[in-house]
Amino acid sequence: MRICIPTETNEGKNAKVYGHFGSAPYFTIVDLEKDSVEIISNANQHHSHGMCQPMSALMGKSIDAVVTGGMGGRAVQKLNEGGIKAYRAVPGTVASIAAQFVSGNLEEISMENACSEHDCH
């Protein structure tokens, strides 16, 4: 299982989760079976509202889930169409969020509870 966590920095398991999927500076992909991380810079972090294309940075990365502070309905829909579920992270590091994901303690983000604006909290 590989989960993608949008992060503020490129500090691997010590990076803090970023508040919104599309505008995150980095995407940290955690491979739970291998206990490894891969860090991807988000070249599209600066964009007009509703115009983000975060999946372009993640193409070919084979992720199973995204865990983020929030995301818009269109992003949820695109992820779900690709067989990827989205979950709402609580503030913390990649390591703590991965542990919460494994224990099943994170809320799934759906079209009904996605951010309607960039103010998710």
Checklist outcome for this item: Stretched fully, the stretch from A43 through S96 gains (0.36 nm per residue minus C-alpha distance, one decimal, in nm) 16.5 nm
Item to check | Interchain or long-range residues, amide H under 5 Å from I84's placed H | outcome: none
Next on the checklist: Relative contact order of region 2-109, please, whole-number percent, based on alpha carbon pairs below 8 angstrom and at least 6 residues apart.
Outcome noted: 29 percent
Next on the checklist: Please list, in order along region 64-71, the HN-Hα scalar couplings obtained from phi with the Karplus expression 6.51 cos²θ - 1.76 cosθ + 1.60 (θ = phi - 60°), rounded to whole Hz, x for Gly and Pro.
Outcome noted: 9, 7, 10, 10, 8, x, x, 7
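Coordinate-derived values only; no laboratory data. All values derive from a computational prediction rather than experimental measurement.
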